[in-house]
Ligand SMILES: Nc1nc2c(ncn2[C@@H]2O[C@H](COP(=O)(O)OP(=O)(O)OP(=O)(O)O)[C@@H](O)[C@H]2O)c(=O)[nH]1
Ligand SMILES: [Mg+2]
């Protein structure tokens, strides 16, 4: 398992760097999705399921960002997908320069869809443009239906929201209607995909959307 140690980007013009990276990825026909959530919301589990389900249709690679350890990249590599682990020198987010360095080490040759599994954190990752074509966030049933009220920015910055661990719904006081209303108040356009990566519930709709977004990205 290759591990890359990253440091804060030397440039302070993150938005410009992010736009340049996005354009380069568009020319290469690679859709980069920045996957964000609180720690343990189910990012790696969801990615594992997507890689397994779509392996005949899309060539997927994953850039795993963490402060320490390489367990997530090992989980992805065990599925036969291309993956690399980056360490962020203690930082709680990825920026555009860091994702560029990570993607260069990952090697996107022949890849259709790349995921950046951002650091588990509901705050900092939402503040930095990583150069991704789409931002997708995960909110898990056990986290509670009030999270959009407390951490609004990530909900506002994301094009899609995966409501994960739907199999746990009977065990938690989670009001689906209230949650959706709170999310749509912050971001009327956001797509919401209720899923369980454990049982497979809802995965088909999410995967159909991923296939369609990847195809659209290549056409543009
Ligand atoms: N019941 C249930 N548990 C799940 C589901 N998805 C993930 N989990 C569990 O949630 C825990 C965290 O899952 P991960 O996929 O490691 O979460 P993560 O967001 O990648 O975590 P970090 O990378 O540490 O931020 C694990 O114990 C998973 O088995 C699900 O759909 N249902
Ligand atoms: Mg993970």
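The values are calculated or read from the model by the stated rules, or taken from the named source; none is laboratory data. Just so we're clear, the structure is a prediction, and the values are computed from it rather than from any experiment. Neighbour counts run over all protein chains shown; Cβ positions are idealised from the backbone, glycine included.
Residues checked against (1) more than 19 Å from residue 37 (Cα to Cα); (2) touching a residue at least 24 places away in the same chain (Cβ under 8 Å); (3) in contact with a strand residue (DSSP E or B) (Cβ under 7 Å, 6 or more places away or on another chain):
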{"site": "129", "(1), (2), (3)": "no, yes, no"}
{"site": "144", "(1), (2), (3)": "no, yes, no"}
{"site": "152", "(1), (2), (3)": "no, yes, no"}
{"site": "156", "(1), (2), (3)": "no, yes, no"}
{"site": "193", "(1), (2), (3)": "no, yes, yes"}
{"site": "203", "(1), (2), (3)": "no, yes, no"}
{"site": "220", "(1), (2), (3)": "yes, yes, no"}
Mind listing just one residue for me: the one in the range 72-85 that is touching a strand residue (DSSP E or B) at 6+ places or on another chain (Cβ under 6 Å) and in a helix (DSSP H, G or I) and, of those, surrounded by the fewest Cβ atoms within 10 Å (Cβ to Cβ)? 77
Does the range 63-70 contain at least one residue that is more than 21 Å from residue 131 (Cα to Cα), within 11 Å of ligand 1 (Cβ to nearest atom) and either part of a strand (DSSP E or B) or out of contact with any helix residue (DSSP H, G or I) (no Cβ under 9 Å at 6 or more places or on another chain) (or both)? yes
Do we find a residue being at positive phi and out of contact with any strand residue (DSSP E or B) (no Cβ under 8 Å at 6 or more places or on another chain) anywhere in the range 55-63? no
If we scan the range 12-25, do we find a residue that is at pLDDT 95 or above, outside any helix (DSSP H, G or I) and out of contact with any helix residue (DSSP H, G or I) (no Cβ under 6 Å at 6 or more places or on another chain)? no
Considering only the range 205-220, I want to know if a residue exists there that is more than 17 Å from the chain's Cα centre (by Cα), assigned to a loop (DSSP other than H, G, I, E, B) and surrounded by fewer than 21 Cβ atoms within 10 Å (Cβ to Cβ). yes
Anything in the range 49-92 that is away from ligand 2 (no atom under 15 Å from the Cβ) and more than 17 Å from residue 113 (Cβ to Cβ)? List them, or say none. 89, 90, 91
Residues of the range 26-55 classified as under 30 Å from residue 141 (Cα atoms), in a loop (DSSP other than H, G, I, E, B) and away from ligand 1 (no atom under 16 Å from the Cβ), total: 1
Test residue 35 against the stated conditions and say whether it is in contact with a strand residue (DSSP E or B) (Cβ under 6 Å, 6 or more places away or on another chain), more than 11 Å from ligand 2 (Cβ to nearest atom) and in contact (Cβ under 8 Å) with a residue 60 or more places away in the chain. no
Yes or no: the range 93-113 includes at least one residue that is closer than 22 Å to residue 195 by Cα, within 11 Å of ligand 1 (Cβ to nearest atom), modelled with pLDDT of 95 or more and in contact with a strand residue (DSSP E or B) (Cβ under 7 Å, 6 or more places away or on another chain). no
Given the criteria free of Cβ contacts under 8 Å to residues at least 12 places away in the same chain and out of contact with any helix residue (DSSP H, G or I) (no Cβ under 6 Å at 6 or more places or on another chain), does residue 109 qualify? yes
